[in-house]
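Step one of this worksheet: look at the structure below.
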Amino acid sequence: MNAGRPTPKGPRRVQGPMATILLVDNDPLQALQRKSVLERRFPDVQRVGDAAEALCLVEQPLFAENLGLVISGNHMRGIGGPAFVAELHTRMPNLPVLVLGVSSDAAEDYPGGWVRFLAKPFAIEEMLKVADLLLAQHECKTA
């Protein structure tokens with residue numbers, strides 16, 4: 001029964017075991033804000049500060065097994081966004097990645113069906129919608 005509680009509105013959540021979202025962001029304040037917003041909708045959001053940490057986590061079978069989405073900036077210390085996504089996809093080819101970049105960045109630097117580019121400035125709700133969509137598509141393809 002749902003007596004007295006409002007019915008949730010918005011995009012469908014991933015069914016079954018909830019997928020982990022990995023947020024790769026080297027800006028602590030921006031990462032805290034994004035992680036907080038994501039956690040309102042998704043119960044398992046992990047944050048790392050750079051691409052190397054993300055790639056190390058992906059190598060851990062228990063972490064990789066539940067990973068459903070990576071959200072990353074285009075500009076990172078060390079390895080850049082396109083190189084990071086390419087390396088990530090050599091390890092997990094069907095893993096969706098949401099790249100957050102400025103409008104002058106080139107979305108075409110990210111080929112492949114599992115990458116979505118979202119240009120700043122964007123509304124937080126838009127980021128959440130795209131995350132929902134990518135998680136749902138990933139769930140359908142891997143189910």
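Since only 63, 89, 43 are under comparison, the one whose Cα sits farthest along the positive direction of the charge dipole of the range 35-115, derived from C-beta charges on Lys, Arg, Asp and Glu, is 43. Scaled to the globular estimate 2.2 N^0.38 Å, the Cα spread of the range 20-142, given as radius of gyration, is 0.95.
Bear in mind these aren't lab numbers, they're just calculated from the coordinates by the rules spelled out. Treat the numbers as computed from the prediction; the structure is a model and nothing was measured. Please note: Cβ atoms are built from the backbone with ideal geometry, for glycine as well, and neighbour counts cover all protein chains shown.
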